[in-house]
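Comments concern the structure below.
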Amino acid sequence: MIQDSAVLVFAKAPYPGQVKTRLIPAIGESAATELYVRLLQREVHWIVNDTSYALQLWVTPDCDHPVLQQLARRHQLSLFLQQGNDLGERMGFAARQALSRYSQVVLLGTDCPALTANHLRQAFNGLSDGADAVLGPAEDGGYVLLGLKAYHERVFRHHNWGESDVAASTRQAFRDMGWNWRELPVLWDLDRADDLRRLKQLDITPSLDFGSFPDRMGGKE
């Protein structure tokens, strides 16, 4: 285990109607919840099995959901409760806590199935090679990965979370602080019904069964 490097995965307890909400009109509440659970399980699995980094699972709104408890037991993980009023505060709190123990961290969500172990290695290598931060931009203008080796509140403040300018405003934060950073290739988030077709076509989640909702993809009922 590389104990100077940790991956922080931010996840939601998969209560129906509270995850993948933008997909619910297309595939229904149950399928959206099932998809979220499978993506979360898949991401934790490949981080644990395909990398040697420490893994922390930061969850909201609570740690009690059976899926989270099962993941923690299966992979011997500790669950951490997210703290803060918005995404920036929650990520900042987790990064600050983790950086008190590890020399470098990478923050991830669960919405980017195209993310791989190689992306994580690139991010940590960038930090080790002298970058103050590593950014993994998303096609929608946000980002799917943030690598840090120091905490600064400016990284997590004054952003329009959920909007298309988050990556741009984060780059500006780096400039304001005089940080140098590296960027990974642009990836896509799984947020919309059209992304389900893309996920299937890429064949990057063979463990996912789309048989329960292929005819409803794209918003068809």
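The values are calculated or read from the model by the stated rules, or taken from the named source; none is laboratory data. These numbers were taken from a predicted model, which means no experiment stands behind them. Please note: Cβ atoms are built from the backbone with ideal geometry, for glycine as well, and neighbour counts cover all protein chains shown.
Looking at segment 196-221 only, could you name the residues that are buried (at least 18 other Cβ atoms within 10 Å of the Cβ) and either in contact with a strand residue (DSSP E or B) (Cβ under 7 Å, 6 or more places away or on another chain) or modelled with pLDDT of 60 or more (or both)? Across segment 196-221, the qualifying residues are Leu196, Leu199. Look at (1) surrounded by 14 or more Cβ atoms within 10 Å (Cβ to Cβ); (2) closer than 23 Å to Leu120 by Cβ and you find that Arg192 fails only one, number (2).
Beta carbons closer than 8 Å, at least 6 apart along the sequence or on distinct chains, pair a first residue in segment 34-53 that is under 13 Å from Leu190 (Cβ atoms) and in contact (Cβ under 8 Å) with a residue 40 or more places away in the chain with a second that is small (Gly, Ala, Ser) and surrounded by fewer than 18 Cβ atoms within 10 Å (Cβ to Cβ) for Arg38/Ser207; Arg42/Ser207.
For segment 1-28, give me each residue that is of a type in the set (D, E, K, R) and surrounded by fewer than 16 Cβ atoms within 10 Å (Cβ to Cβ). Within segment 1-28, Asp4, Arg22 meet the criteria.
Identify, please: which residue in segment 169-196 is over 29 Å from Pro25 (Cβ atoms) and of a type in the set (A, V, I, L, M) and is, among those, farthest from the chain's Cα centre (by Cα)? Within segment 169-196, the match that is farthest from the chain's Cα centre (by Cα) is Met177.
Report yes if His152 is exposed (fewer than 15 other Cβ atoms within 10 Å of the Cβ), touching a residue at least 12 places away in the same chain (Cβ under 8 Å), over 26 Å from Pro25 (Cβ atoms) and touching a helix residue (DSSP H, G or I) at 6+ places or on another chain (Cβ under 9 Å), otherwise no. So His152 does not fit the description; no.
No other residue among Gly88, Gly147, Gly142 is closer than 22 Å to His45 by Cα and within 15 Å of the chain's Cα centre (by Cα) apart from Gly147. In segment 64-95, of all residues being crowded, with 17+ Cβ neighbours inside 10 Å and not aliphatic (A, V, I, L, M), the one that is farthest from Phe10 (Cα to Cα) corresponds to His65.
When segment 166-187 is filtered for residues that are in a loop (DSSP other than H, G, I, E, B) and either among the small types (Gly, Ala, Ser) or surrounded by fewer than 19 Cβ atoms within 10 Å (Cβ to Cβ) (or both), the ones remaining, listed by number, are Gly178, Trp179, Asn180, Pro185, Val186. Residues in segment 103-145 that are of a type in the set (Ser, Thr, Tyr), in contact with a strand residue (DSSP E or B) (Cβ under 9 Å, 6 or more places away or on another chain) and surrounded by fewer than 19 Cβ atoms within 10 Å (Cβ to Cβ): Ser103, Ser128.
Exactly one residue out of Arg22, Arg74 is touching a residue at least 24 places away in the same chain (Cβ under 8 Å) and of a type in the set (Lys, Arg): that is Arg22.
Counting only residues that are more than 16 Å from Gly130 (Cα to Cα) and of a type in the set (A, V, I, L, M, F, W, C), segment 164-186 holds 5 of them.
For segment 51-71, a residue qualifies if it is more than 21 Å from Gln97 (Cα to Cα) and part of a helix (DSSP H, G or I), and the qualifying residues are Pro66, Val67, Gln69, Gln70, Leu71.
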